[in-house]
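Read the structure below first, then the notes.
The values are calculated or read from the model by the stated rules, or taken from the named source; none is laboratory data. Worth saying up front: this structure is predicted, and the values here are computed from it rather than measured. For neighbour counting, all protein chains shown are included, and Cβ atoms are generated from backbone atoms with ideal geometry for every residue, glycine included. For accessibility, only protein heavy atoms count, side chains too; no ligands or nucleic acids. Shrake-Rupley method; radii C 1.70, N 1.55, O 1.52, S 1.80 Å.
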Amino acid sequence: MLRDSLKATVHADVTRYFGGYSRARLLRAVLLERTFRVVLTLRLCQAARATGSKPLLVAAILAHRVASAKAAVDLPWKTRVGPGFRLFHGWGAVVNTEAVIGADVSLFHGVTLGQGDRIAADGSRTTGYPVIGDEVWIGPHAIIVGGVTVGRGARIAGGAVVTKDVPAGAMVAGNPAVVVRSDVPADVLNPSGVRS
């Protein structure tokens, strides 16, 4: 069951990179796509944890750290990421461990998905993390922080600073981000067809 789940997820990830799955495409992705190696090693870490094998998990975590460093990405292996994840360019992308990323999400370089704290007048603190829906496109250097939800098929323009929920099918831009278009079609290059 675990093996089938890992296989289906990796198939979806390869499809996002190349428009379909084959062993040759998987090999090409592993050898030539530094951002794919980050996604693959994340999947391997999560599969290793599910097996309960500590030596296997340690080896997978080490491979993930090397892949992340080579791609200049901070994507913790514990982050929940749906199938069909596509990391474009990678450089400088930072994702908080507690963020949740849906299926067929496109994430560009310099993106931050981070923790946000709200401090009430009485000094109490509320901490939140982004939840990214399926088929979301997040442009270069966008910042999404706090307990916000980005709806299915939304597009986050490059450089946008998102601190409030984004409706499904909306395009947001600016600092602070505002809706500039509604009912935009999802922008998914090589959709995997898998949903989270």
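So what is the diffusion coefficient of the chain in µm² per second by Stokes-Einstein at 37 °C and 0.692 mPa s, using a Kirkwood Rh over Cα pairs? All intermediate terms of the calculation are to be shown ahead of the outcome.
Values: Rh = 17.0 Å.
Using the Kirkwood radius from Cα pairs, D works out to 193 µm²/s.
With the simple model of a label 7 Å out from the Cα in the direction of the Cβ, Ser53 to Ser5 spans 1.7 nm.
Dipole magnitude of the chain about its Cα centre, charges +1 at Lys/Arg Cβ and -1 at Asp/Glu Cβ only, in debye to the nearest 20? Write down the numbers at each step before the final one.
Values: 23 positive and 13 negative charges, 155 e Å.
Here the size comes out at about 740 debye.
For the stretch 128-196, the extents of the C-alpha atoms along the principal axes are 32, 25, 20 Å, listed from largest to smallest.
From the square roots a ≥ b ≥ c of the eigenvalues of the alpha-carbon gyration tensor of the stretch 84-177, which class results: rounded (a/c under 1.5), prolate (a/b over b/c), or oblate? All intermediate terms of the calculation are to be shown ahead of the outcome.
On the way: a/c = 1.72, a/b = 1.60, b/c = 1.08.
The shape class here is prolate.
Apply the a/c threshold of 1.5 to the C-alpha gyration tensor of the stretch 36-91 and tell me whether it is rounded, prolate or oblate. The shape class here is oblate.
Tell me, what % of the accessible area of the chain is carbon and sulfur with a 1.4 angstrom probe? With neighbouring chains kept in place, the figure for the chain is 57 percent. DSSP beta bridges fully contained in the chain are about 25 percent antiparallel.
Secondary-structure-derived ellipticity at 222 nm for the chain, considering helices only, amounts to -10500 deg cm²/dmol, per-run term -39500 (n - 2.57) for DSSP H runs with n ≥ 4. Averaged per residue, the stretch 133-196 has 47 square angstrom of accessible surface, using a 1.4 angstrom probe with ligands and nucleic acids left out.
How do 24-35, 49-60, 165-176 rank on mean C-beta neighbours within 10 Å, highest first? Intermediate values should be presented prior to the final figure.
Working: 24-35: 15.3, 49-60: 13.5, 165-176: 17.2.
Top to bottom by mean Cβ count within 10 Å: 165-176, 24-35, 49-60.
So how far, in whole Å, is the C-alpha centre of the stretch 124-196 from the one of the stretch 10-69? The two parts, judged by their Cα centres, are 25 Å apart. Charged side chains reduced to their Cβ positions (Lys and Arg at +1, Asp and Glu at -1) give the stretch 9-79 a dipole of some 100 debye around its Cα centre.
Under a 1.4 Å probe, what is the accessible area of the stretch 67-129 per residue, stated in Å²?
Working: 2740 Å² over 63 residues.
With the other protein chains kept in place, the stretch 67-129 gives 44 Å² per residue.
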